[in-house]
Amino acid sequence: AINGYATIGDSGTYPEYSRFITFQYEDVLTIVHGSHNLKFGGEFLRHRLDGYSGFPTRGSYTFNGQFTSQIGNPSSAASLADFALGTPSSITRAVLPGTFGLRKWDASGFAQDSWRITKTLTLNLGLRYDVQDPASEVHNRQSNFDVATGQLVLPQQVPGLPTTMRYLDTNNFGPRVGFAWEMTPKTVFRGGFGIAYFEDDNVG
C-alpha cells in the first residue's frame with residue numbers, strides 16, 4: 001500500500017472462509033379456554049461457527065513517505081520514493097495455524113394469555129425467559145481482559161470460570177403487556193410494552 005496510489009496485490013486476509021450452522025428446535029402449545037387464548041412454548045438454538053482467517057496472512061507493507069520528501073519541499077511526503085528505497089512505515093503479518101471454531105446455544109421459554117375481556121377490549125399478558133450462552137472456542141484459544149489486574153485471562157485459569165470466559169446470565173425475565181381497544185368499528189387503539197434480551201457478540 002503506497003499512499004496516493006492504488007494498492008498492489010491481493011487482499012491480505014486471503015485465504016479465509018467461514019461456515020455458520022444453526023440447529024433449531026421449538027414447539028408451541030395453544031389452549032383456548034373461554035375468553036382466554038393461552039400459549040406456551042420454548043426454543044433451543046445451537047450455533048456452530050467454523051472458519052479460517054488470519055490478517056494479514058500474506059503480509060502487508062505500507063509506504064507513507066515517512067522517510068523521504070519532495071525536492072525543495074521538506075514538509076511534503078514522498079511515499080513512492082519510500083517504496084523505491086524499500087523503507088516501509090509498517091510491516092504486518094499474522095499466522096493462524098488451523099481453523100477456529102465457536103460454539104454457543106440459546107434457550108428460551110414463554111407463556112402468554114390473550115384475554116378478550118369484552119367484545120371491544122383484548123388484553124395480552126405474557127412472560128418470556130431467555131438464557132444466552134456466551135460463545136466458546138472449541139480448542140480454548142480465546143482470552144479475556146481483566147481490568148482489575150491489567151492482564152489477559154486464559155480459559156480455565158480462574159477457578160470456576162467457564163471456557164466461555166464469562167459467567168452465564170440467568171436473570172433474563174422479559175414481561176410482555178399489550179392491549180387492543182376497538183373504540184369504533186373503524187378505529188382501534190393498540191399499545192404494548194416488553195423487555196427483550198440479546199447476547200452482545202457476533203455469533204448467532
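The values are calculated or read from the model by the stated rules, or taken from the named source; none is laboratory data. The shown structure was predicted, so the numbers you read here are calculated from the model rather than taken from an experiment. Note: ideal-geometry Cβ built from the backbone for every residue, glycine included; neighbour counts use all protein chains shown. Surface accessibility is based on the protein's heavy atoms, side chains included, excluding ligands, DNA and RNA. Shrake-Rupley method; radii C 1.70, N 1.55, O 1.52, S 1.80 Å.
What to note about this one:
- Selection over region 92-137 of residues that are modelled with pLDDT under 90 and loosely packed, with under 13 Cβ neighbours inside 10 Å gives a count of 4.
- Filter pass, residue 110 being within 30 Å of residue 32 (Cα to Cα) and not acidic (Asp, Glu): yes
- Selection status of residue 130, of a type in the set (Asp, Glu), out of contact with any Lys or Arg (no Cβ under 6 Å at 6 or more places or on another chain) and closer than 26 Å to residue 106 by Cβ: yes
- Filter pass, residue 177 being surrounded by 10 or more Cβ atoms within 10 Å (Cβ to Cβ), touching a residue at least 12 places away in the same chain (Cβ under 8 Å) and over 30 Å from residue 21 (Cα atoms): yes
- Cβ pairs under 8 Å, 6+ apart, first in region 131-148 and over 24 Å from residue 197 (Cβ atoms), second among the hydrophobic types (A, V, I, L, M, F, W, C) and open to solvent by 60 Å² or more (accessible area, probe 1.4 Å): 140/154; 143/152; 143/154; 146/152
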